Amino acid sequence: MKGYIKRQIESEIKENLADFPAVAILGPRQCGKTTLANKLVKEIPKAVYLDLERPADLRKLQDPELFFAMNREQLVCLDEIQRVPELYSVLRSIIDQENRNSMFLILGSASQDLIKQSSETLAGRIAYTELTPFNFVELKKGTSAVTNLIDQLWIRGGFPRSFLARSAKSSMVWRENFIRTFLERDIPQLGFKIPANSVGRLWRMLAHAHGQVLNSSQLGESLGVSHTTVRSYLDILSQTFMIRLLPPYLPNLKKRLVKSPKVYIRDSGILHALLEIRDFNSLLGHPAHGASWEGYALENIVEKFTGWQPYFFRTSAGAELDLVLRKGQRIIGVEFKASVAPKLSKGFWNSMEDLNIDQAWVIGLVDSTYPIHEKVYVTSLDSFLDLDL
């Protein structure tokens, strides 16, 4: 697998540039935002790229209004925009003055909600897109060895330097350094004055609770902080794309429902680094094997089927579905099993009945798709991602 790997959101970004004055590409550090932006910039005549972490580029914006006036007809790409939040008011003024599309391409390592300045000052003028690390759909186009791809992407995760590392050892070293840098440099740069050790401990605790219902009070007791402090740390990890808090599906049923979210480490490679799982054989023998498969498959599904809202479903009586996908009035159930011969519990069938689901899929480590019920199919992750839901 050589050369540039086409990203899933590339066409969406181009369409947004044609329709909006500013487009933001948001995602975790090192997920490929700069590589994607540089490719887009090269395709646009006279486009300008500034890395706001480079002092030389930052100095060019000492008088931002002058710089933007000198580059009035060009697309200006601003990388790591969260480093200079005061730019947003300048961008708004220039956008309103010029009143044209395709003016700014903004890259940031924090979510739309966390970069409050952009949502407040550029409302109606900016389109947001989220770039994740590599996913299976993107990588599949460059290889015919699907099984090896699934295994490598699962164990190493999708961060480009981790996935493309020359060896399993160098991939793990990169991920360990990424975790350290995120805690010691990235969080302070976002303006959070919180102990790196505390967030690091919580992150590792969440790795052990990967795929489980969140219990903030229990985590707080283990850390020696309040549950509200835990929630603030969780918000930081969520808004910087490190964890996913999957909300519960709460239909109007006369049953007691679990109302806390489930927590996942979004990148499977980072999960394995936090759990010190160094290779595939170690993963197979680890208690987190099944939960790791669940989170890995779930992330790929959520990234592929962006028009569907993801939830999980659980009742106090034990009925449960790992993933509920909802689009309008349509609901699809998904269960994850890290097995070549998946077996379903009574809780799965009770959930099918409770939610009146017409179609459900069991994503396992299987080679073919086959029915186990008129409404339920067992299939591989590869085959499910090929579906036109």
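The values are calculated or read from the model by the stated rules, or taken from the named source; none is laboratory data. Values in this document were obtained by computation on a predicted structure and should not be read as measured data. Backbone-built Cβ (ideal geometry, glycine too); neighbour counts: all protein chains shown. Protein only, heavy atoms only, side chains kept; ligands, DNA and RNA dropped before computing areas. Shrake-Rupley method; radii C 1.70, N 1.55, O 1.52, S 1.80 Å.
Here are a few things to note about the model shown:
- Residue in segment 226-240 that is open to solvent by 60 Å² or more (accessible area, probe 1.4 Å), small (Gly, Ala, Ser), out of contact with any Lys or Arg (no Cβ under 6 Å at 6 or more places or on another chain) and part of a loop (DSSP other than H, G, I, E, B) present: no
- Of all the residues in segment 238-269, those that are of a type in the set (A, V, I, L, M, F, W, C) and over 14 Å from His210 (Cα atoms) number 5.
- Residues that are under 30 Å from Leu131 (Cα atoms), open to solvent by 50 Å² or more (accessible area, probe 1.4 Å) and not charged (D, E, K, R), drawn from segment 248-259: Leu250
- Any hit, segment 179-202, residues being touching a helix residue (DSSP H, G or I) at 6+ places or on another chain (Cβ under 8 Å) and within 17 Å of Leu283 (Cβ to Cβ): no
Table: residues versus (1) within 21 Å of Gly27 (Cβ to Cβ); (2) polar (S, T, N, Q).
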site: Trp203; (1), (2): yes, no
site: Gln218; (1), (2): no, yes
site: Ser232; (1), (2): no, yes
site: Leu237; (1), (2): yes, no
site: Arg244; (1), (2): yes, no
site: Leu257; (1), (2): no, no
site: Tyr264; (1), (2): yes, no
site: Ser268; (1), (2): yes, yes
site: Glu276; (1), (2): no, no
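- Positions within segment 3-33 being in contact (Cβ under 8 Å) with a residue 24 or more places away in the chain, within 27 Å of Arg156 (Cα to Cα) and part of a loop (DSSP other than H, G, I, E, B), in sequence order: Tyr4, Ile5, Lys6, Arg7, Gln8, Ile9, Gly27, Pro28, Arg29, Gln30, Cys31, Gly32
For every residue, the table says whether it meets (1) in contact with a strand residue (DSSP E or B) (Cβ under 8 Å, 6 or more places away or on another chain); (2) within 27 Å of Gln152 (Cα to Cα); (3) without any contact (Cβ under 8 Å) to a residue 24 or more places away in the chain.
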site: Pro342; (1), (2), (3): yes, yes, no
site: Lys346; (1), (2), (3): no, no, no
site: Ser351; (1), (2), (3): yes, no, no
site: Ile357; (1), (2), (3): yes, no, no
site: Leu365; (1), (2), (3): no, yes, no
site: Glu374; (1), (2), (3): no, no, yes
site: Asp382; (1), (2), (3): no, yes, no
site: Leu385; (1), (2), (3): no, yes, no
site: Leu389; (1), (2), (3): yes, yes, no
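- When Ala110 is tested against (1) more than 22 Å from Pro188 (Cβ to Cβ); (2) part of a loop (DSSP other than H, G, I, E, B), exactly one condition is not met: (1).
- Here Leu36, Leu50 are screened, and the one residue that is outside any loop (DSSP other than H, G, I, E, B), over 14 Å from Glu130 (Cα atoms) and open to solvent by less than 20 Å² (accessible area, probe 1.4 Å) is Leu50.
- Filtered by the rule that a residue be touching a helix residue (DSSP H, G or I) at 6+ places or on another chain (Cβ under 9 Å), at pLDDT below 95 and open to solvent by 50 Å² or more (accessible area, probe 1.4 Å), segment 308-359 gives a lone residue, Ala317.
- Restricting Val137, Val41, Val84, Val90 to residues that are modelled with pLDDT under 95, surrounded by 13 or more Cβ atoms within 10 Å (Cβ to Cβ) and in contact with a Cys (Cβ under 7 Å, 6 or more places away or on another chain) narrows the list to Val41.
- Residue, farthest from Gln189 (Cα to Cα), within segment 60-81, restricted to residues that are open to solvent by 60 Å² or more (accessible area, probe 1.4 Å) and either part of a loop (DSSP other than H, G, I, E, B) or at pLDDT below 90 (or both): Glu73
- Flag for Ala207 being open to solvent by less than 20 Å² (accessible area, probe 1.4 Å) and touching a residue at least 24 places away in the same chain (Cβ under 8 Å): yes
- Being modelled with pLDDT of 95 or more and either part of a loop (DSSP other than H, G, I, E, B) or surrounded by 14 or more Cβ atoms within 10 Å (Cβ to Cβ) (or both) holds for only one residue in Arg161, Arg166, and it is Arg161.
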